[in-house]
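The structure under discussion appears below in the form of structure tokens.
The values are calculated or read from the model by the stated rules, or taken from the named source; none is laboratory data. Predicted model, so just to flag it, every value in this text is computed and none were measured. Cβ atoms come from the backbone with ideal geometry, glycine included; neighbour counts cover every protein chain shown. Quick note on the areas: whole protein, heavy atoms, side chains included, nothing else; ligands and nucleic acids left out. Shrake-Rupley method; radii C 1.70, N 1.55, O 1.52, S 1.80 Å.
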Amino acid sequence: MKNRNVLISGASVAGPALAYWLHRHGFTPTIVERAPALRDGGYAVDFRGEAHLSILRRMGILDDLERARTGMGSMSYVNSAGKTQAKMPADLFAGDIEILRGDLARILYDATKEHTEYVFGDSVASLTEDADGVTVTFERGAPRRFDLVIGADGLHSATRRLAFGPEERFVKHLGVYCAIFTTANHLGLDHTGHAYRTGNKLVAMYSARHNTEAKAVFYFGSPELDLDRRDVARQQAILAEHFTGNGWQSDRLLHDMRQAPDFYFDSVGQVRMDAWSRGRVALVGDAAYCPSSLSGMGTGLALVGAYVLAGELAAARGDHRVAFARYEQELRAYAEGCQKMGDGVAKLMVPSSRFLASALNRYYKIMPYLPGKNMASKMARKTAENITLRDYTGGDAPRRPSSPTGSRRAR
Ligand SMILES: Cc1cc2nc3c(=O)[nH]c(=O)nc-3n(C[C@H](O)[C@H](O)[C@H](O)COP(=O)(O)OP(=O)(O)OC[C@H]3O[C@@H](n4cnc5c(N)ncnc54)[C@H](O)[C@@H]3O)c2cc1C
């Protein structure tokens, strides 16, 4: 086997899932994560369909996910007085298993920490490739050599910027911004959520951690803004400009946002690339083919991408040229299907006009009585299942970590 020594940038979903499969195929993964420690909490993400579930089963973590699932029921669209106008089925939002992103990251970390070197609090600073490998410099740690480098560092991937070029070339803004943070469950929501839509704005609240807290979510339509992603004060000011006096719980949630421990704000974007690899560097998950946070597909796609990339590397006995090309052949149509979902959902969640928004609100009201009421869930499931996964393991059983301690190393 060639090219065993692999650096992965990013410890969320794609990174640890890739590390799991690489180890299982005989490679030695190292993960560098910019955050100082594993990022807990966050919003709810989901898996749906047999392709996703079969990978989780093969990894031996399906039961862990089942135990940590959010158990959410239907989601209600409400009017300004909080009265339910329409109910969306749980399946549409929560898939087969819905879980908080941080809980998922923890399960993946636990399944990999024993055989993966984790380096927290650092980031790749430069990549210099030669015939035998890649010299990597870091923002904090000493330079190191790796055979291959994989960017699993999300929508704003540093690996992509270093190896392929500036973000503007690859990230397409879908005309929507999103904010999300943890707040008190002051509405007493019981495994459910409420959403309130006015024109091209949507504000929602859903219960989390078995009703002990809630997530506040804001979406609004806007052309791309010139923003520093670290400038939280400005992001909060923009949100306040759009939602003050917007009705329902908007003002209360804007007030709570100032105390939120985990305020998240970003544009809703997709990553479109002609190639997902260059030389010894490849991308996986959102870094390569983010379908957008609105698609409900990003987490499953990241998992499938990691499975296929590691599997193709094993099948090619580490020959990255063969493996990276096969990875794209196997995955591109699937990723494009997920991105199509992302496009469609963005238009539905944040319609371009007030007229369209009120037509949609009316449609949602009568939807449960129409023959095509489950069409959206069915489409999402079909998209998520639209891949035939190869079995790269030769049928060997999942390997579980045997000790609670890992090789975590923080610089
Ligand atoms: C608000 C919101 C709601 C969402 N809802 C859903 C949903 O309902 N269903 C669904 O399937 N998906 C959902 N998603 C999408 C989902 O979160 C992503 O598609 C999925 O997490 C992709 O995983 P990833 O590992 O590729 O990237 P990410 O989860 O973005 O992880 C990237 C990791 O890389 C790290 N990193 C970043 N830069 C560096 C660097 N320079 N060096 C080292 N590490 C770095 C980050 O800290 C992070 O840990 C949602 C996303 C958002 C933002």
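Brief remarks on what is shown
- Under 9 Å, Cβ to Cβ, from Gln270 - net charge with Lys/Arg +1 and Asp/Glu -1: +1
- Each of Leu155, Thr128, Leu100 was scored by the projection of its Cα onto the charge dipole of the chain, and the greatest displacement toward the positive side belongs to Leu100; charges sit on the C-beta of Lys, Arg, Asp and Glu.
- Alpha-carbon centroid distance for the pair segment 166-184 / segment 332-350, whole angstrom: 15 Å
- Around Leu253: net Lys/Arg minus Asp/Glu count, Cβ-Cβ under 15 Å: 0
- Centroid-to-centroid, using Cα positions, segment 375-392 and segment 116-133 are 34 Å apart.
- The 1.4 Å probe gives accessible areas that order Lys2, Lys172, Lys113, largest first, as Lys2, Lys172, Lys113.
- Nearest-20 debye value, the chain charge dipole, Cβ charges on Lys, Arg, Asp, Glu: 500 debye
- Each Lys or Arg adds one and each Asp or Glu subtracts one; over the other residues with Cβ under 14 Å from the Cβ of Phe47, this totals -4.
- Viscosity 1.567 mPa s, temperature 4 °C, Stokes-Einstein D of segment 102-160 from Kirkwood C-alpha radius, µm²/s: 99 µm²/s
- Principal axis extents of the Cα atoms in segment 305-352, from largest to smallest and rounded to whole angstrom, are 49, 14, 11.
- Computed per residue of the chain from DSSP H runs no shorter than four, each worth -39500 (n - 2.57), the mean residue ellipticity at 222 nm is -11000 deg cm²/dmol.
- Of Thr112, Met349, Gly296, farthest towards positive along the dipole that unit charges on Lys, Arg, Asp, Glu beta carbons give segment 5-410: Met349
- Whole-number D in µm²/s for segment 2-118 (Stokes-Einstein; Kirkwood sum over Cα pairs; 10 °C, 1.306 mPa s): 100 µm²/s
- Applying 0.36 nm per residue to the separation of Met1 and Lys378 and subtracting their alpha-carbon distance, the gain on full extension is 131.5 nm.
- Taking the charge dipole of segment 5-410 about its Cα centre, with +1 at Lys and Arg Cβ atoms and -1 at Asp and Glu Cβ atoms, the residue from Pro29, Leu331, Tyr196 reaching farthest to the positive side is Tyr196.
- Computed over segment 138-292, the quotient of the alpha carbon radius of gyration and 2.2 N^0.38 Å is 1.24.
- Remark on the chain: hydrodynamic radius 21.9 angstrom, per the Kirkwood mean of 1/r across alpha carbon pairs.
- Ignoring lysines fewer than eight residues from Lys83 along the same chain, the ones with Cα atoms less than 26 angstrom from its Cα are Lys201, Lys215, Lys347, Lys365, Lys373.
- Kirkwood analysis of the Cα pair distances in segment 210-314 returns a hydrodynamic radius of 16.7 Å.
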